[in-house]
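Comments concern the structure below.
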Number of protein chains: 2
Amino acid sequence: MSRYAPVNFPDVKLEGKFWHERLETVLTRTIPSQHKKLAEYTILDSLKLPNPPPPLRFPRHANGFTVQVFWDSDVGKWIEAASYALAHRRDADIEAKIEAIVDDFEKAQAPDGYLNCWYLGHEPDKRWTNLRDNHEMYNAGHMLEGAIAYFRVTGRRRWLDVMERYLDHIYARFGTGPGQKRGYDGHEEIELALIKLYYLTGEKKHLDFATYLINERGNQHPHYFDIEREEREGKEGKALNQRYVFGNYEYSQSHVPVREQDKVVGHAVRAMYLYTAMADLAAELNDPALKKACETLWDDVMETKMYVTAGLGPSAQNEGFTHDFDLPNQTAYAETCASVALIFWAQRMLHLDLDGKYADILELAMFNGALSGLSRDGEHYFYANPLESDGTPTRWDWHTCPCCTMNVSRLVASVGGYFVSTAKDGVAFHLYGGIATEVKIAGTKVGLREVSTYPWNGDIKIHVDPESPAQFDVKLRIPGWSSGAKVSVNGEAVDVSKAISGYLTINRTWAKGDVVSLDLPMPPVRLYANPGVLMDVGRVALKRGPLVYCLEEVDNPGGRVQRLKLPREATLKAETRADLFDGVVTLKADALAIDESDWNTLYRTTPPSQGTATLTALPYYLWANRGQGSMVVWVPEAN
Amino acid sequence: MSRYAPVNFPDVKLEGKFWHERLETVLTRTIPSQHKKLAEYTILDSLKLPNPPPPLRFPRHANGFTVQVFWDSDVGKWIEAASYALAHRRDADIEAKIEAIVDDFEKAQAPDGYLNCWYLGHEPDKRWTNLRDNHEMYNAGHMLEGAIAYFRVTGRRRWLDVMERYLDHIYARFGTGPGQKRGYDGHEEIELALIKLYYLTGEKKHLDFATYLINERGNQHPHYFDIEREEREGKEGKALNQRYVFGNYEYSQSHVPVREQDKVVGHAVRAMYLYTAMADLAAELNDPALKKACETLWDDVMETKMYVTAGLGPSAQNEGFTHDFDLPNQTAYAETCASVALIFWAQRMLHLDLDGKYADILELAMFNGALSGLSRDGEHYFYANPLESDGTPTRWDWHTCPCCTMNVSRLVASVGGYFVSTAKDGVAFHLYGGIATEVKIAGTKVGLREVSTYPWNGDIKIHVDPESPAQFDVKLRIPGWSSGAKVSVNGEAVDVSKAISGYLTINRTWAKGDVVSLDLPMPPVRLYANPGVLMDVGRVALKRGPLVYCLEEVDNPGGRVQRLKLPREATLKAETRADLFDGVVTLKADALAIDESDWNTLYRTTPPSQGTATLTALPYYLWANRGQGSMVVWVPEAN
């Protein structure tokens, strides 16, 4: 099969209402407001060296760590998101803001190329002494992604030059050569950024260093983080491993070489960034062991560790994974960044093998676990995305650790890049929702317009308009969640049962005016969790199409939504609600409701009284946009 | 009403099988094995000053803290437990072991009376610099309780003399007088120990210092812990409040003066020890504000914060309380010490007002949350007592922080003290289970023998044998959990509806041979939790008499017990099982069971298949004595 590659997001116009609204919100509200916050929180000031750095805003932890060590990455990620926005429409004000930051970075860069504003400002003599905790390469990775994005849209390479000088500094210092340190970062990220740079420049040294980092991870005895610690703290440091809050190698996926890893462990975002880079390298190096490891890890997370929303990492303690089937709802961490990074990984896997199982998860994470991190107004966020709330959590307008804010804005600003891929002899549609693009297939320019109100409705029309008639594949993803899909070309039915690995291939000679119809019925469904997920036994999640639903108190007044039970036999009705969020589909059902009013003790022998109620469910990604209140995804089922 | 006071435990013979077995186990296995562990873990070596202290076994936390700072308290608590054992039967070997420890403490004591082996051995120049974290007074309190217990049973006052010298040192240093520091301990305990010493010696200075500690708590601006921190760390220390893991005053109940506290907050064991001392002082000082605070706090914990097992403190993070109705099951901390300390508090409240609501909780904690901390073999423990398990938790034979081990042994070794109280004109029975004692009422010696197989059966006979006929009250607790209790005297019915505040008073002229029959029907019941407890909605706890039940995998083979559902209409049958734990009553019911065998995905749209099963429930306190396996207290109810 020929290799598919995504159509770049600037070439994909988002015409459908769903993504158009999210994109506009991010362009007009999120990205400008994020720059304000970077300024307000003195993050931008921290780059203005040699000015003295602003006073510590977030005190150091006992082990000396402060979240401020990754401020550079936040700036890098903002520039990346802002550059993606510029690809939609240039903006002199945003560009001036980016240039000002580039000025600062350029001035801050040390003569030897080093460029980390935390260390330069606060601890210039301690550079490269704590890769385990202090994120120097991680920062470099995000700055590099920003530089690449900015260069791609503007052609301005000043910051990219700065970053390349910094990378040369890093390449000289780290590696397996004589006099080099065999280090790698505790927080993976730079690996995937280096591969992007390799794709941009074709310079093999970037690919080589990414490969070095991937190969070296977990591959040394003694462990690099211990060598480094001993250099830092002396031998005595060893006994005090618990000074390091996350005193295990699994936390950073450095416990064994990556090709031997078969269980998803540790910090969720780190894991996802690592696997993304592994999948990239598996493709680029044609490395079957790396591909196999990716597949094994994919199966592990899908079979035992993913929330129904595509949230990842149940525990706040390590911001990551625990044991199989441990998916608590109220205390779910499910960091926005982790779901965003799962999208990255899924996209890489999808382009290794065009298998709908990857696109299914990409879509699930997009519409649920990732998008839930951004408020309707585009200026409030969730860092953790619980699946149940007693009414306490609220969206915040900034965070001590603002990583998630820019992760969600850079995702939405570039979301068009996940819809369509092309090969030399075909085009593949992964997501639906109303896009238009023009691609070149088999030497022919082909206009493509997918028209739908997806995800609200599964009635999809795809207009295929080659400049001149041409034979090629049109591959349609038939979502794993769908059943009874129907496809026709110019009114003539196509046998959907011929779909392979989630894609239906239509090979024919296409001519201007051809229309493919795809009908994906979207009845509301109940999902049951594997009984290994003890928290969800006796409960159901509600889903329609790619959207997971939840019950919010504001739609179910009369007490906390945890009082509601859904009878097994109750019918779920989809209802279009023009009055809510500019038009959404809610779900409704006749339900039972426990009466909370007649309780005055903590325990009693009389069962709670129970009445009837109408249950209303809203797409999960929209929760917590209308004030505080209880919320539940997994609804108790009366049976 | 005349004031009731407990009959001392050495005067109460435990004849009933239930407590006889637990007591024998503690005397013959727990207490000797605990001494071995104290030796093995170098805790005893740490007292042998001026020998250099053994190497640090548990590294210091980042803030300098190590659990070893409270090793003295563990030794003190062991001596207390061992002394209670001696009250049942003297034992030369145990006494020699205690004497050896007293030798060490006596030698370790500084010329000025100071006696804390951690500081004397490790940081002699840092005494009294960190009352907030380092437990110096807490240790002194437990040592004092040990010294009092040892003196009471042996008449040997060498250790008590040592401790009184230490107290004089403390009294000189702390107080409201000129040149004194207005300190109190971050971990309450010494307060209740000082009141015990006052009861023993009648010396008012001990009561006065306890009163000072209670009055001073949370009563200063700036807060004593901040004054102390500034002295320790300089003004700069203030900014680094988060170095202190539990950087709030609520953690140590020092946020406001104790008489103003109306919400149970912070570390659960600290809270319970504090309230115990407050109730003691309320009685001793006849202080209505203190009594009112105790009652308000009691209501708060009972109405919003207590597990159905009488476990307290849901969170491992602060070992304590969170918000109302936050009672997660699998992650319940519910430290054994907290339930033991709740028993202490309940006993004080009960003797402030002879109200069965206090005895109900005393009994509930005794049979469930406290007793669950000790294994059947008497040599394994739970520190945390979760109400649900995926099969991971196991009992341990020792703990980094062994506080719970000796708390449960000292409780069981003195359990007889909770059964009966006397006043000048009456006797009150609080607990049942087979005891014999002799008391003096209205100037008459009265033999009392309560015969029953409680808690397995509610058929109770009480033989009241005064030396000569005498008129007095016999008060019988009619448990709050019971319904349809019947009472007769010499076969003649007594109207149980006349019971007031949980006690039925029978006033008559008693004569040798009189027999009171108390019949407490014990049908198995279902308990429902207030819907505010989100975790328990749709679930039931099973209870019979004072015992809370649980499902264990070993009794419900075929998969994890979380797969079981109990239909609302299913009958619960009590079944005597002679084969289990030397005879217990289990509960059985026809139930539904989810089939786990046909799952190969994490989520699916098909409901789990469901079959039928027989559900078997075991008293909660016996869980985790037969290998690892899942467990659940709150069973999903099919309805």
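The values are calculated or read from the model by the stated rules, or taken from the named source; none is laboratory data. This one's a predicted model, so the numbers in the text were calculated from it and none came from an experiment. FYI the Cβ positions are ideal-geometry reconstructions off the backbone, even for glycines, and counts take in every protein chain you see. In case anyone asks, the SASA skips ligands and DNA or RNA and just uses the protein heavy atoms, side chains included. Shrake-Rupley method; radii C 1.70, N 1.55, O 1.52, S 1.80 Å.
Structural remarks
- Answer residue from the stretch A:387-408, given it is open to solvent by less than 10 Å² (accessible area, probe 1.4 Å) and part of a loop (DSSP other than H, G, I, E, B) and is farthest from the other protein chains (Cβ to nearest Cβ) among those: A:Pro402
- Residue check for B:Glu379: modelled with pLDDT of 95 or more, within 14 Å of chain A (Cβ to nearest Cβ) and out of contact with any Pro (no Cβ under 8 Å at 6 or more places or on another chain): no
- Residue in the stretch B:572-587 that is among the small types (Gly, Ala, Ser), without any contact (Cβ under 8 Å) to a residue 24 or more places away in the chain and either within 12 Å of chain A (Cβ to nearest Cβ) or on the phi < 0 side of the Ramachandran plot (or both) present: yes
- Tally, over the stretch B:100-116, of residues that are free of Cβ contacts under 8 Å to residues at least 24 places away in the same chain and of a type in the set (D, E, K, R): 1
- A:Gly559 being within 11 Å of chain B (Cβ to nearest Cβ), in a loop (DSSP other than H, G, I, E, B) and either among the polar types (S, T, N, Q) or under 30 Å from B:Ser389 (Cβ atoms) (or both): no
- Of all residues in the stretch B:517-530, none that is touching a residue at least 40 places away in the same chain (Cβ under 8 Å) and at the interface with chain A (Cβ under 7 Å from one of its Cβ atoms) has its Cβ atom under 7 Å from the Cβ atom of a residue that is acidic (Asp, Glu) and open to solvent by 10 Å² or more (accessible area, probe 1.4 Å), 6 or more apart or on another chain.
- Candidates in the stretch B:329-350 are the residues that are part of a loop (DSSP other than H, G, I, E, B) and at pLDDT 95 or above; of these, the one that is nearest to the other protein chains (Cβ to nearest Cβ) is B:Asn329.
- Residue within the stretch A:43-58 that is hydroxyl-bearing (Ser, Thr, Tyr), under 17 Å from A:Asn407 (Cα atoms) and in contact with a helix residue (DSSP H, G or I) (Cβ under 7 Å, 6 or more places away or on another chain) present: no
- Residue in the stretch B:518-541 that is loosely packed, with under 15 Cβ neighbours inside 10 Å, within 15 Å of B:Ile462 (Cβ to Cβ) and in contact with a strand residue (DSSP E or B) (Cβ under 9 Å, 6 or more places away or on another chain) present: no
- Matching residues, the stretch B:532-556, being out of contact with any Gly (no Cβ under 7 Å at 6 or more places or on another chain) and in a strand (DSSP E or B): B:Arg539, B:Val540, B:Ala541, B:Leu542, B:Lys543, B:Arg544, B:Leu547, B:Val548, B:Tyr549, B:Cys550, B:Leu551
- Restricting the stretch B:562-571 to residues that are within 14 Å of chain A (Cβ to nearest Cβ) and open to solvent by 30 Å² or more (accessible area, probe 1.4 Å), the residue that is nearest to A:Asn639 (Cα to Cα): B:Arg568
- Those helices (runs of 4 or more DSSP H) lying entirely in the stretch A:96-202 with at least 2 residues of a type outside the set (D, E, K, R) and over 27 Å from A:Tyr249 (Cα atoms): A:117-122, A:136-154, A:158-173, A:190-201
- Of all residues in the stretch B:7-51, those that are farther than 23 Å from B:Asp93 by Cβ and assigned to a helix (DSSP H, G or I) total 4.
- For the stretch B:65-74, a residue qualifies if it is part of a helix (DSSP H, G or I) and more than 18 Å from B:Val340 (Cα to Cα), and the qualifying residues are B:Val67, B:Gln68, B:Val69, B:Phe70, B:Trp71, B:Asp72.
- For the residues A:Asp299, A:Asp353, A:Asp324, the requirement of being of a type in the set (Asp, Glu), closer than 26 Å to A:Ser421 by Cβ and within 11 Å of chain B (Cβ to nearest Cβ) singles out A:Asp299.
- Residue count for the stretch B:531-556, restricted to those that are at the interface with chain A (Cβ under 7 Å from one of its Cβ atoms) and touching a Pro at 6+ places or on another chain (Cβ under 7 Å): 3.
- From the list B:Ala359, B:Ala384, the lone residue that is more than 14 Å from every other protein chain (Cβ to nearest Cβ), more than 22 Å from B:Arg29 (Cβ to Cβ), open to solvent by 10 Å² or more (accessible area, probe 1.4 Å) and of a type in the set (Gly, Ala, Ser) is B:Ala384.
- Residue among A:Thr66, A:Thr25 that is within 14 Å of another protein chain (Cβ to nearest Cβ), over 30 Å from A:Asp353 (Cβ atoms), open to solvent by less than 20 Å² (accessible area, probe 1.4 Å) and β-branched (Val, Ile, Thr): A:Thr66
Here's the yes/no breakdown for (1) open to solvent by 20 Å² or more (accessible area, probe 1.4 Å); (2) more than 29 Å from A:Val67 (Cβ to Cβ); (3) under 28 Å from the mean Cα position of the chain (by Cα):
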residue	(1), (2), (3)
A:Asp125	yes, no, no
A:Met137	no, no, yes
A:Ala140	no, no, yes
A:Ala147	no, no, yes
A:Thr154	yes, yes, yes
A:Glu164	yes, no, yes
A:Phe174	no, no, no
A:Glu191	no, no, yes
A:Tyr199	yes, yes, yes
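- Any hit, the stretch A:73-84, residues being touching a Lys or Arg at 6+ places or on another chain (Cβ under 8 Å), surrounded by 19 or more Cβ atoms within 10 Å (Cβ to Cβ) and outside the structural domain of A:Val162 (by TED's automatic domain parsing): no
- Scope the stretch A:268-291; condition open to solvent by 20 Å² or more (accessible area, probe 1.4 Å), more than 21 Å from the chain's Cα centre (by Cα) and touching a residue at least 60 places away in the same chain (Cβ under 8 Å); matching residues: A:Glu284, A:Leu285
- Residue that is farthest from B:Asp299 (Cα to Cα) [pool: residues in the stretch A:594-620 that are surrounded by 18 or more Cβ atoms within 10 Å (Cβ to Cβ) and more than 10 Å from every other protein chain (Cβ to nearest Cβ)]: A:Pro619
- Of the residues making up the stretch B:497-517, those that are of a type in the set (A, V, I, L, M, F, W, C), buried (at least 17 other Cβ atoms within 10 Å of the Cβ) and under 22 Å from B:Leu350 (Cβ atoms) number 4.
- Looking across B:Asp185, B:Asp208, one residue alone is surrounded by 16 or more Cβ atoms within 10 Å (Cβ to Cβ), modelled with pLDDT of 95 or more and either out of contact with any Cys (no Cβ under 6 Å at 6 or more places or on another chain) or hydrophobic (A, V, I, L, M, F, W, C) (or both). It is B:Asp185.
- Lone unmet requirement of (1) crowded, with 22+ Cβ neighbours inside 10 Å; (2) under 15 Å from the mean Cα position of the chain (by Cα) for A:Gly378: (2)
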